[in-house]
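Heads up: the structure comes next, in structure tokens.
The values are calculated or read from the model by the stated rules, or taken from the named source; none is laboratory data. Bear in mind that the values here come from a model prediction, so they are computed numbers and not experimental data. Every residue, glycine among them, receives a Cβ derived from its backbone with ideal geometry; neighbour counts consider all protein chains shown. The protein model used for the area step is the full one, side chains on, heavy atoms only, and it has no ligands, DNA or RNA in it. Shrake-Rupley method; radii C 1.70, N 1.55, O 1.52, S 1.80 Å.
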Amino acid sequence: MTQFTCSQEIVTQARRALNQEVWDYLTGGAESETTMRRNRHALDSYVFLPRVLRDVSHVDPSGTMLGHKVRIPVFLAPIGSLQAIEKGGGASSCRAASTFGTIPMISSITEPSLEECAAATTGPKMFQLYVRGDFDWIRNILGRVKAAGYDALAVTVDSSHYGIRERQLMNGYLPPSVKAQKDRHLQAAITWDLASRIRDEWGGAFILKGIAHVEDAAMAVARGVDAVYISNHGGRQLDHCAGALDTLAEIAAEVGKKVELIVDGGFLRGTDVIKAIALGASSVGIGRLQGWALAAGGEAALVRSLELLEREIINALGLLGLTSFAELGPNYVRKAEVIGPTHEFSTFYHLKSRPV
């Protein structure tokens, strides 16, 4: 997969490989897709303030997540129905994460089974839970997650209702996870008390995924979470939300010193990752980029995509005058006017001039 020289080539190949229905499932958002566009707009609205005349002949791009050292501060965000994008599904993501040196978070609504995904990685791994049963069902699945050796549990809390995703509606397409789901209404019944019961039953590193309000972040901290996962579901749930990077900045200002913050939502470039770390995140999840890479060439292409992110991170840190993320802070970024329109591909500017 070394023939991919940049991420734009990976996305182009993914577009060739996927049919329209699966492409729209992976790439689209809810309703007008305004939240999805705001994710990109927020990232584009921060500019760098580089320093010069510093020795940056060696740059260390590594980071940490929940105490685990990672090659870059990027983890693989959970994606439902990965098997519709690439036949290996979650197991392919796990193998790629192990090969590269980062952490996968496996969705409870992807295939293969959580045990098969766990067996595909030799490194740390996280499990993301959608509630689809009563507490006995939850207890059973948590037992399986523990037995399979997962290091952390994330409960998704921003999906009480399935987003109105008009690309899917117009295509008449439902992903396998939606077709097969039962008792989805139980997701809408999750409360803070249930989240605490799940945390206590789990007993390990615990994450709430889908936090998008400062007050909810503060409540999560008070409930003893190990990490607040800031996310608007990539713009796939509630439309007209703030961009994830702006939400991160607000939450970090209030609770950033009290708990680990992780984030996803339209992060596609090494420079995107650096902006998130500068504003208080410890690690950044990639969703669509992960899916596009798998579609472009399976786990090998996903490893290559992570290598390209690493190259971009090293390059940008060096040009900022930094040798590691430990030297990075909010003084290296500031808000500025956004140049041009923003959409899911605006960071891959040259795609519009190259035929798919």
Let me have the 222 nm mean residue ellipticity of the chain computed from DSSP H runs of 4+ only, each contributing -39500 (n - 2.57), with the sum over all residues rounded to the nearest 500.
-12500 deg cm²/dmol
Cross-link partners of Lys209 among lysines (Cα-Cα below 16 Å; sequence separation of 8 or more within a chain):
Lys125
Return the single residue from Asp216, Asp55, Asp226 with maximal mean-square fluctuation; model: Gaussian network over the chain, springs between Cα atoms under 10 Å.
Asp55
Just in the stretch 275-356: which GluC sites (Glu not before Pro) are loop by DSSP and have at most 15 other Cβ atoms within 10 Å?
Glu337
For the chain, accessible area per residue (1.4 Å probe, heavy atoms of protein chains only), Å²
42
When the chain is treated as a GNM, springs tying every alpha-carbon pair under 10 Å, which of Thr12, Thr191, Thr102 comes out with the largest mean-square fluctuation?
Thr191
Using the crude model of +1 on Lys and Arg Cβ and -1 on Asp and Glu Cβ, and no other charge, please compute the dipole size for the chain relative to its Cα centre, in debye to 20.
480
Cα-based equivalent ellipsoid of the stretch 60-99: semi-axis lengths in Å, sorted from largest, via gyration tensor
24, 10, 8
Length gained when the stretch Ser196-Lys87 is fully extended (0.36 nm per residue, less Cα-Cα span)
35.7 nm
Which of the trypsin sites (Lys or Arg not before Pro) found in the stretch 92-199 are loop residues per DSSP with 16 or fewer other Cβ atoms within 10 Å of their Cβ?
Lys182
Hey, any idea what % of the stretch 1-82's accessible area is carbon plus sulfur with a 1.4 Å probe?
49
So how compact is the chain: Cα radius of gyration and Dmax in angstrom?
19.0, 61
For the stretch 212-319, what percent of Cα pairs sit more than 19 Å apart?
48
Who wins for biggest fluctuation among Arg37, Arg54, Arg236 in a Gaussian network model of the chain, springs between alpha carbons below 10 Å?
Arg54
Scoring only Lys, Arg, Asp and Glu (+1, +1, -1, -1) among other residues with Cβ under 14 Å from the Cβ of Leu49 yields +4
Around Leu317, under 10 Å between beta carbons, what's the net of Lys plus Arg minus Asp minus Glu among the other residues?
-3
Taking all protein chains as present, what is the carbon and sulfur share of the accessible area of the stretch 199-356, in % to the nearest whole number, probe 1.4 Å?
52
Find the Cα radius of gyration of the stretch 84-183, compare it with 2.2 N^0.38 Å by division, and give the number to two decimals.
1.15
Straight-distance crosslink candidates among aspartates and glutamates, where the alpha carbon sits under 15 Å from Lys146 and sequence neighbours closer than 8 are dropped:
Glu115, Glu116, Asp200, Glu201
As I understand it, the dipole of the chain uses +1 on the Cβ of Lys and Arg and -1 on the Cβ of Asp and Glu, about the Cα centre. Which of Gly280, Gly90, Ile164 lies farthest toward its positive end?
Gly90
Largest-first semi-axes in Å of the equivalent ellipsoid built from the Cα gyration tensor of the stretch 270-356 are 25, 18, 12
